[in-house]
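Notes to accompany the following structure.
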Amino acid sequence: MDEDQYRNTYKEMNPTRCYFEKLLLLHYGNCQQARKLLLAEREAFACNSQEAQSQCLQLIGRLRSNARFALQIPQANSPLPHAKEIKVQVGGLFGLQQLLANKELTQTDSLHDNELKFGEQMDQHAPIENVYTTINEAIQHYHDLDAIPYNEIVKTIVKFKLPERKRKRNKRSK
C-alpha cells in the first residue's frame, strides 16, 4: 500500500482521529476516549467523543502556536516535523498536568531517561495519566483554554527529549 493510498484509507476509516495520537503510540500516556485501530499493519487511534476531539484539537493548536518560537519553527501554518510534534504533544500535556498539580515545570526527569529504550517510558513512569481528564481539569481550573499560562508549559515542551534510538552497528564497518 503506497503512502497516499494509506492516508486516504486512514481518513475514511478514522474520521475522529486522535490529535494526541503520537503520544499514545509512543506509550507516554493514556486517554479514556481513545480507541486503537489497526490499518495495514499500523496502529492508529480514534476518539470516541466528538466533544473530546474538539477540545483536544483546540488545545493542540494552542500548544503548537505557543511553542513555535521556542522550537524555532518560523512558518505559523506549516505542519511540525515529527520529533517536534512529539515534543509538543508529550511535553505540552505533561506540563499542563504538572501545572494543575502545582509542581515545578522545569523538572522533566520522568520524561527522559537515557537508560530506557524508546517508548518504554510509560511502563516506568506513565507521565500522562489521562489526556481527556487532564484537559477537562484544565478547563475547569482555568475556565477557558485561552486562560492557560502557555508560557509556563512551553518550558516542558522545550526540555522534553526523546531518548536516542540505539542504532545497529554495521558489521562491515569494523
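The values are calculated or read from the model by the stated rules, or taken from the named source; none is laboratory data. Since the model is a prediction, treat every value here as computed from it, not as a measurement. All Cβ positions, glycine included, derive from the backbone under ideal geometry; neighbour counts span all protein chains shown.
The sole residue among Gln53, Gln58, Gln32 that is within 21 Å of Glu129 (Cα to Cα), of a type in the set (S, T, N, Q) and not in a helix (DSSP H, G or I) is Gln32. Filtering the stretch 8-19 for residues that are part of a helix (DSSP H, G or I) and touching a residue at least 40 places away in the same chain (Cβ under 8 Å) leaves an empty set. Note on the stretch 140-162: residues that are more than 14 Å from Ile60 (Cα to Cα) and assigned to a helix (DSSP H, G or I) amount to 10.
Selection of the stretch 11-24 for residues being crowded, with 17+ Cβ neighbours inside 10 Å and in contact with a strand residue (DSSP E or B) (Cβ under 9 Å, 6 or more places away or on another chain) yields Asn14, Arg17, Cys18, Tyr19, Phe20, Glu21, Leu23, Leu24. Residues in the stretch 33-49 that are at pLDDT 95 or above and surrounded by fewer than 12 Cβ atoms within 10 Å (Cβ to Cβ): 0 in all.
Scanning the stretch 83-104 for residues that are in a helix (DSSP H, G or I) and exposed (fewer than 10 other Cβ atoms within 10 Å of the Cβ) yields nothing.
Per the conditions (1) buried (at least 17 other Cβ atoms within 10 Å of the Cβ); (2) among the hydroxyl-bearing types (Ser, Thr, Tyr); (3) under 19 Å from Val158 (Cβ atoms), the sole criterion not satisfied by Ser65 is (1).
Just one of the numbered conditions (1) surrounded by fewer than 17 Cβ atoms within 10 Å (Cβ to Cβ); (2) within 23 Å of Ile139 (Cα to Cα); (3) modelled with pLDDT under 95; (4) small (Gly, Ala, Ser) is not true of Ser54: (3).
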